[in-house]
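To start, the structure itself, in structure tokens.
The values are calculated or read from the model by the stated rules, or taken from the named source; none is laboratory data. Everything numeric here is computed off the predicted structure, so don't read it as measured data. All Cβ positions, glycine included, derive from the backbone under ideal geometry; neighbour counts span all protein chains shown. Only protein heavy atoms, including side chains, enter the accessible area calculation; ligands, DNA and RNA are left aside. Shrake-Rupley method; radii C 1.70, N 1.55, O 1.52, S 1.80 Å.
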Amino acid sequence: ATVTNGGDGARAFIYELRSGGAQPDADVVFTEAERMQDAGNLEDAYLLYRFAARHGQVQAAMRLGTQADPAFHPAVTSYLPEADPGQAYKWYSVAMAAGNDEAALRLQDLHKQVQQAATAGDEQARRLLLQWR
């Protein structure tokens, strides 16, 4: 992974897109996130995925969910140092609400993992189960 300056590349990219006065196109932001991810700029990519997902880009929400999901967490290519089921739940839920069928399946699998962790005594998993819809 390439060390970046705290996401400065992502911030500069969004700033440039906003300089025209319009809201940046989430698909354009997603494409730049993919480019940054491929280049190893994990922090910039993560920030751009978040921006795109918050602005309705479903693939970005899926990328964020995948990076956080214990079943898929790519330790080498994820900005997150470890899996985070709560973040996976959040982003898969966003993607599912937008009609992504894969997100619905991943949420089912994640729910099973979280239930197992809660049964084994994981307090964080127990709290996440309380949020589950």
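List of remarks:
- Over the chain, accessible surface divided per residue gives 57 Å², non-protein components excluded, 1.4 Å probe.
- Surface share of carbon and sulfur [accessible, 1.4 angstrom probe, percent] for the chain: 50 percent
- Solution diffusion estimate, µm²/s, Stokes-Einstein, the chain, Kirkwood Rh from C-alpha pairs, 25 °C, viscosity 0.890 mPa s: 160 µm²/s
- Of the GluC sites (Glu not before Pro) found in region 58-133, those that fall in a DSSP loop while having at most 11 other beta-carbon atoms within 10 Å are Glu82.
- Counting all C-alpha pairs of region 60-133, share separated by more than 14 Å (%): 55 percent
- Computed over region 1-53, the Cα gyration tensor eigenvalues convert (square root of 5λ each) into semi-axes of 19, 12, 8 Å, ordered from largest to smallest.
- Scanning residues 5 or more positions from Asp69 or on other chains, those with amide H under 5 Å from its amide H are Asp84, with H placed 1.01 Å from N in the peptide plane.
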